């Protein structure tokens with residue numbers, strides 16, 4: 001799962017939201033480095049990732065990609081699933097997406113000590129509405145191009161958008177079956 005899904009699954013409060021994002025930026029043991037509610041969010045983030053990575057529906061979705069792309073299938077799927085969530089937001093949340101993203105951006109803006117790279121990207125995330133922009137499939141192309149520049153093998157994601165487009169319907173179906181199970185898992189893990 002990517003940023004939007006982690007925020008959605010992590011809980012409604014600002015500390016819940018922060019913890020759900022910190023999970024991508026804080027590594028290793030926690031040991032009281034952060035407030036308890038944020039550390040609970042980091043732990044939930046890690047549990048969500050483990051549940052997702054081993055789930056049969058996610059493994060099935062990854063297997064839909066050509067064998068030469070499988071190394072990057074997880075990245076493509078994380079982004080695509082955030083697109084599916086944003087594009088079908090009303091199916092999974094009673095709160096409008098724009099309202100939700102404003103709350104998330106406010107939680108980030110109000111925190112003076114964001115960890116590492118999150119401190120750098122949070123202002124860009126809000127200024128360019130990264131979370132809400134996932135509604136538009138074409139946005140994934142820009143995200144993949146930016147991610148590709150940071151990879152040791154930059155060509156690894158080249159052509160990924162076209163593959164997602166070809167696999168759109170079956171991957172959307174995978175998401176529709178998987179995400180409610182992930183919501184139940186996250187709720188039980190809180």
All positions within region 9-18 that are buried (at least 24 other Cβ atoms within 10 Å of the Cβ) and either at pLDDT below 95 or over 22 Å from residue 179 (Cβ atoms) (or both): 18
Region 136-158, residues that are touching a residue at least 60 places away in the same chain (Cβ under 8 Å) and either closer than 21 Å to residue 63 by Cα or in contact with a strand residue (DSSP E or B) (Cβ under 6 Å, 6 or more places away or on another chain) (or both): 140, 144, 156, 157
Enumeration of residues in region 35-61 that are over 18 Å from the mean Cα position of the chain (by Cα) and touching a residue at least 40 places away in the same chain (Cβ under 8 Å): 60
Count - residues of region 80-113 that are in contact (Cβ under 8 Å) with a residue 24 or more places away in the chain, farther than 27 Å from residue 161 by Cα and not in a helix (DSSP H, G or I): 1
Some residue of region 63-72 being surrounded by fewer than 20 Cβ atoms within 10 Å (Cβ to Cβ), assigned to a helix (DSSP H, G or I) and modelled with pLDDT of 95 or more: yes
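Okay, residues lined up against (1) at negative phi; (2) at pLDDT 95 or above; (3) part of a loop (DSSP other than H, G, I, E, B); (4) touching a helix residue (DSSP H, G or I) at 6+ places or on another chain (Cβ under 8 Å):
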{"site": "7", "(1), (2), (3), (4)": "yes, yes, no, yes"}
{"site": "30", "(1), (2), (3), (4)": "yes, no, yes, yes"}
{"site": "33", "(1), (2), (3), (4)": "yes, no, yes, yes"}
{"site": "45", "(1), (2), (3), (4)": "yes, yes, no, yes"}
{"site": "51", "(1), (2), (3), (4)": "yes, yes, no, yes"}
{"site": "59", "(1), (2), (3), (4)": "yes, yes, no, no"}
Of the criteria (1) out of contact with any helix residue (DSSP H, G or I) (no Cβ under 6 Å at 6 or more places or on another chain); (2) touching a residue at least 40 places away in the same chain (Cβ under 8 Å); (3) more than 13 Å from residue 80 (Cα to Cα), which one residue 129 fails: (2)
In region 114-161, residue modelled with the highest pLDDT [restricted to those that are closer than 18 Å to residue 70 by Cβ and outside any helix (DSSP H, G or I)]: 159
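The values are calculated or read from the model by the stated rules, or taken from the named source; none is laboratory data. Remember, it's a predicted structure, so these values are computed and weren't measured experimentally. Counting neighbours? That spans all protein chains shown, and the Cβs are built from the backbone with ideal geometry, glycine included.
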